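J.: One structure is given below, represented as structure tokens, and several questions about it will come after.
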């Protein structure tokens, strides 16, 4: 859902520009006013526009600090902070004023720079109109802040209902900033009500950002969101840490103006992370990978907290145990304990964070050990493959993993785990130099890439898992071979019975009636031979024609069983005869030009099994017929050879210079064998069949039929 149409952006751009100029002018005008205000009103006693306790004139005199220097020190913090925010917002306005997010972000930074510090409170005392202008800037900045984090980085509400939630949050808070200390001001009412609004706001921002990150944002937008969220979270955590420290040590800190000043520096320094992160996210074309920064921040943040906790605990317990107030000895013992525990604590924290972010990519040996333990149990080959990809998927905390194996000249999906994403990275599996399959893994989120440590982990794990996959693949291949063997046996039995039934049908329904009719015709001729010789002669003539037709049908049945030319002339001679016939056919078809066939073959082949001879002749016949009918070629080269060395069998090559064909095309003529049938005949004998485009534009057919002696 788009928040603002493009045609209204010019109006928003002008509004932001006017508010930017107004904020900058008021802020610069406020600096000397606020300086005078602190120097005149906030040295000896606390004042409304200055949040810190007054240092007192005696303390300043004792430390050699004048009221002017004290005022200048605080104004310097606020002025630098405000100028950094205003400058960052101005740069963003200059570079990204063409988009909604750029306008919202720039005004948010500029308004925060002017209103986060109390520096503009000084002009509220000058004139009510200026006070109202400051309130308008504060309200506008809060509106821009809320909208920015609901819309960043693509300028659209997602999910759609977040638009209504965003408007509700703005309506509940912003009017009270325009009219403070009234009934519509949440901060003026019960603290519980303001707390509920605050938690709804923060909770909705977190939930919306998580939803947008998982379902809506592109890879670049995800990196932008990471940078902004990281900057805001670190700034707020720093702000909360300093605030909590001040709350617990308020008396001691308030009594020391130097410590109060250090707290002010810490608060504003942490808040400078917000404009820095926003500028990086929106202005840098190729964003740095923030995952490493987040990882190190979490590790050293937790490590620092643990170090402080162990040190304080060690000092407290040591002092309690030895009942001594010698702080040097206690501190030495506490430091020693922390030094001893530092390295193992860091390793455990680093491993914990890494596993939450990247899985177990830093400890492949543990993964391999766990995998080997599970492989000790008896498992089916399919279960072994599923275990391998599940181990890889869980170890790297990936959403999807699959494993494909190379079988029967193709790629077969053997196992998969998880939910499939459109984007997958493929890793080949090799065993003894031969590619046996491929592993496909989805990244942890769409558009994300595997880190260097991920790739090293995968390289090691895949290398070790390839042997396991090969063993499982061999078992699966054996099972498939046994199933194919059983299926082949069943098909042979079925084919044999079908051939017998067809032969019986041909003999019973075709030849038997005709032979019976011949007998009746001969009997009729016998009866008429003396009475009507002329009729007898006519009957015998018909009988002779019927006998010829019957003999032709018998020869057709015999030819279907085995071409007679194979027995008469052998395979090479039969192919020669077939080429002669097709040469004449092509000349008639092409009106005189025809196809020039060139046969290169040995004069005599060794004795071949009958099945190989028939299959070779049928395949060669169909291939040559396809050349004549479909290739539009002028020449066809045929080569036949018998190899007795590595591949013991018959090789046949048919290549033409015609228009060519796609290997996927199927040439099925009605009544013919077709390309699929040629391939089927080859596969039945365990041979190899390949159709490809020739370098000479035409089509090349390669057939190998093994001969087992």
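The values are calculated or read from the model by the stated rules, or taken from the named source; none is laboratory data. As the structure is a computational prediction, the values presented were derived from the model and not from experiment. Positions of Cβ are generated from backbone atoms using ideal geometry, with glycine treated the same way; all protein chains shown enter the neighbour counts.
J.: Taking the conditions exactly as written (surrounded by 12 or more Cβ atoms within 10 Å (Cβ to Cβ), in a helix (DSSP H, G or I) and at pLDDT below 80), does residue 554 satisfy them or not?
T.: Details: surrounded by 12 or more Cβ atoms within 10 Å (Cβ to Cβ): yes; in a helix (DSSP H, G or I): yes; at pLDDT below 80: yes.
So residue 554 fits the description; yes.
J.: Which residues, counting only those in the range 601-614, are assigned to a helix (DSSP H, G or I) and within 12 Å of residue 707 (Cα to Cα)?
T.: 610, 611, 612, 613
J.: With at pLDDT below 80 and in a helix (DSSP H, G or I) as the only criterion, which of 193, 205 stands out?
T.: 205
J.: Taking the condition modelled with pLDDT of 75 or more and either assigned to a helix (DSSP H, G or I) or within 30 Å of residue 652 (Cα to Cα) (or both), does residue 571 pass?
T.: yes
J.: Turning to a different aspect of this structure: When you scan the range 629-648, how many residues do you find that are touching a helix residue (DSSP H, G or I) at 6+ places or on another chain (Cβ under 8 Å) and assigned to a strand (DSSP E or B)?
T.: Looking only at that region, the number is 3.
J.: Checking the condition closer than 18 Å to residue 381 by Cβ, under 26 Å from the mean Cα position of the chain (by Cα) and either assigned to a helix (DSSP H, G or I) or modelled with pLDDT of 75 or more (or both), which residue from 471, 466, 475 passes?
T.: 466
J.: Another question, if that's okay. Among the residues in the range 92-100, are any buried (at least 17 other Cβ atoms within 10 Å of the Cβ) and at pLDDT 85 or above?
T.: no
J.: Go through (1) over 45 Å from the mean Cα position of the chain (by Cα); (2) at pLDDT 85 or above; (3) surrounded by fewer than 19 Cβ atoms within 10 Å (Cβ to Cβ) and name the single condition residue 688 misses.
T.: So the condition that residue 688 fails would be (1).
J.: Also: Is it the case that residue 208 is surrounded by 17 or more Cβ atoms within 10 Å (Cβ to Cβ) and more than 19 Å from residue 169 (Cβ to Cβ)?
T.: no
J.: Another question, if that's okay. Is it the case that residue 52 is in contact with a strand residue (DSSP E or B) (Cβ under 9 Å, 6 or more places away or on another chain), in the same structural domain as residue 130 (by TED's automatic domain parsing) and surrounded by 13 or more Cβ atoms within 10 Å (Cβ to Cβ)?
T.: Considered against the rule, which asks whether it is in contact with a strand residue (DSSP E or B) (Cβ under 9 Å, 6 or more places away or on another chain), in the same structural domain as residue 130 (by TED's automatic domain parsing) and surrounded by 13 or more Cβ atoms within 10 Å (Cβ to Cβ), residue 52 comes out as no.
J.: Still on this structure, please answer the following. Just one of 242, 228 is surrounded by 14 or more Cβ atoms within 10 Å (Cβ to Cβ), out of contact with any strand residue (DSSP E or B) (no Cβ under 8 Å at 6 or more places or on another chain) and either in the same structural domain as residue 102 (by TED's automatic domain parsing) or free of Cβ contacts under 8 Å to residues at least 40 places away in the same chain (or both); which is it?
T.: Working: 228 fails: either in the same structural domain as residue 102 (by TED's automatic domain parsing) or free of Cβ contacts under 8 Å to residues at least 40 places away in the same chain (or both).
The conditions single out 242.
J.: Can you tell which of 371, 398 is at pLDDT below 75, crowded, with 16+ Cβ neighbours inside 10 Å and outside any strand (DSSP E or B)? If you could, list the steps in order and put the result at the bottom.
T.: Numbers: 398 fails: at pLDDT below 75.
Result of the check over 371, 398: 371.
J.: So which residues in the range 238-259 are touching a helix residue (DSSP H, G or I) at 6+ places or on another chain (Cβ under 6 Å) and closer than 19 Å to residue 76 by Cβ?
T.: Once the filter is applied, which keeps residues that are touching a helix residue (DSSP H, G or I) at 6+ places or on another chain (Cβ under 6 Å) and closer than 19 Å to residue 76 by Cβ, the range 238-259 yields 242, 259.
J.: Among the numbered conditions (1) free of Cβ contacts under 8 Å to residues at least 60 places away in the same chain; (2) under 27 Å from residue 34 (Cα atoms), tell me where residue 184 comes up short.
T.: Of the numbered conditions (1) free of Cβ contacts under 8 Å to residues at least 60 places away in the same chain; (2) under 27 Å from residue 34 (Cα atoms), the odd one out for residue 184 is (2).
J.: Something else: Which residue, of 146, 119, is assigned by TED's automatic domain parsing to the domain that holds residue 209, under 39 Å from the mean Cα position of the chain (by Cα), crowded, with 20+ Cβ neighbours inside 10 Å and in a helix (DSSP H, G or I)?
T.: Numbers: 119 fails: under 39 Å from the mean Cα position of the chain (by Cα).
None of the other options fit; the residue is 146.
J.: For the range 419-440, give me each residue that is over 17 Å from residue 468 (Cβ atoms) and touching a residue at least 12 places away in the same chain (Cβ under 8 Å).
T.: Across the range 419-440, the qualifying residues are 419, 420, 421, 422, 423, 424, 425, 426, 440.
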